[in-house]
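Here's the structure we're looking at; comments come further down.
What follows draws every value from the coordinates through simple rules; no lab data is involved. Note that the structure is predicted; figures quoted are calculated from it, not measured. Quick reminder, even Gly has a Cβ in these numbers, built from the backbone with ideal geometry, and neighbours come from all protein chains shown.
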Amino acid sequence: MKFISIQRSAMPFIAFAALVVIPAHRGRAGIGPTDTSDVYAIALDPNALTTIYAGTDDGIFKTTDGGQSWQLANDGIVGIIYSNMVVDPTNSNYVYMGTAGDGFFATSNGGQNWTHGEGSYHPVVKSISIDPVYSNVVNMGAFRDIYRSFDHGATFGILHQFDFATGVLSIANDPVSTTTIYIGTNTQGLLKSTDWGYNWFSTSLPPQLIGVVALDPGNHDVAFAAGANDLFKSTNDGQLWRAVLSLGTSYGTAIVFDTANPGTMYASFYYNGVYASNDGGETWYSANTGLPTVNINAMVVDSQNGIVYAGTDGSGIYVSYDGGQTWN
């Protein structure tokens with residue numbers, strides 16, 4: 001499952017119907033989609049690991065060869081890329097993404113064309129998750145409130161209405177206790193629901209902006225939350241939290257796990273780059289060697305092949321083949 005990151009807005013782009021091949025040039029660092037892309041979101045197809053989607057300031061791109069070549073996949077999209085993209089693990093033809101003012105978009109054919117999610121919802125989409133049991137159920141967090149679709153993102157209705165100022169920045173579904181959901185918000189901190197999202201209560205984490213929340217896929221009792229300055233960990237279903245990484249002025253953009261190596265995980269930050277842990281998030285070390293910038297917007301892990309992808313601000317996607325020790 002992929003989780004949500006905070007993204008910066010960009011200038012609007014025009015959606016192209018035709019596909020344009022953009023080769024990944026051999027002599028440079030990074031794998032594209034272009035040398036100067038602001039990459040706001042990355043989605044990895046769990047059933048075809050060389051297939052990657054990238055949401056950038058230049059448009060939506062797709063590669064099927066691990067970044068050797070990229071194709072524009074914008075048909076039907078209006079607006080700019082803002083929140084994360086998610087591939088349905090049960091059917092990779094379904095991919096979901098959000099924009100910074102034009103709402104939610106879905107594809108049912110692997111990005112050949114996209115359709116707009118209909119309904120009354122705030123058009124600045126911040127976060128997306130797929131229900132772990134019912135893949136047709138898609139949750140969407142927006143600049144205000146949280147919404148739900150029962151038809152693969154074709155239509156949305158309100159799931160829970162918060163106060164006027166509360167946006168849902170990140171959503172994490174518990175894969176074991178499947179009626180449990182965590183959300184990170186901008187005004188009420190980290191909230192939790194145990195009834196599939198209809199009612200929410202505060203966790204013991206002090207109220208603050210929580211941009212990312214993620215559950216350890218090897219132990220669903222272990223949760224992580226990235227605030228404006230700190231990365232927090234809970235080992236008891238979110239009842240108690242403690243800071244495991246403090247970075248000062250920063251904010252988290254992704255928390256991802258290497259499922260082939262239990263205990264290995266990565267967290268990315270805007271202003272502080274990538275940090276890695278080999279002991280389940282107890283201790284962390286900087287993993288920025290080779291990155292052209294410490295402004296990281298998104299990250300995913302191909303655990304099967306030991307590859308970590310990082311979406312940068314202004315330099316496209318960088319890749320690490322050695323657990324974040326070096327990037328190219």
Whole-number Å³ per residue for the convex hull built on Cα positions in segment 199-328: 106 Å³
Simple Cβ-charge dipole of the chain, Lys/Arg +1 and Asp/Glu -1, about Cα centre, in debye nearest 20: 320 debye
Mean projected area (nm²) of the alpha-carbon convex hull when the chain is viewed from all directions: 14.0 nm²
Segments 238-245, 164-171 sorted - mean Cβ within 10 Å per residue, highest first: 164-171, 238-245
Estimated translational D of segment 83-122 in µm²/s (Stokes, Kirkwood radius over Cα pairs; 37 °C; 0.692 mPa s): 313 µm²/s
Extent along principal axes [Cα atoms of segment 286-328; Å; largest to smallest]: 28, 16, 15
5 angstrom amide H check on Asn297, placed H, neighbours 5+ away: Gly311, Thr312, Asp313
For Ala254, residues with placed amide H under 5 Å, excluding near neighbours: Ser268
Long-range amide H partners of Ile60 with built H, under 5 Å: Ala73
Computed over segment 170-328: relative contact order in percent, which uses C-alpha pairs under 8 Å that are six or more apart: 12 percent
Euclidean distance between Cα centres, segment 257-303 to segment 48-116, Å: 23 Å
Mean separation of Cα contacts under 8 Å, 6 or more apart, over the residue count of the chain: relative contact order %: 14 percent
Cα convex hull volume per residue for segment 44-91 (Å³): 80 Å³
Ser246 versus Thr283: modelled label distance in nm, points set 7 Å from Cα along the beta carbon direction: 1.8 nm
Hydrodynamic radius by Kirkwood, which averages 1/r over all alpha carbon pairs of segment 68-209, in angstrom: 15.2 Å
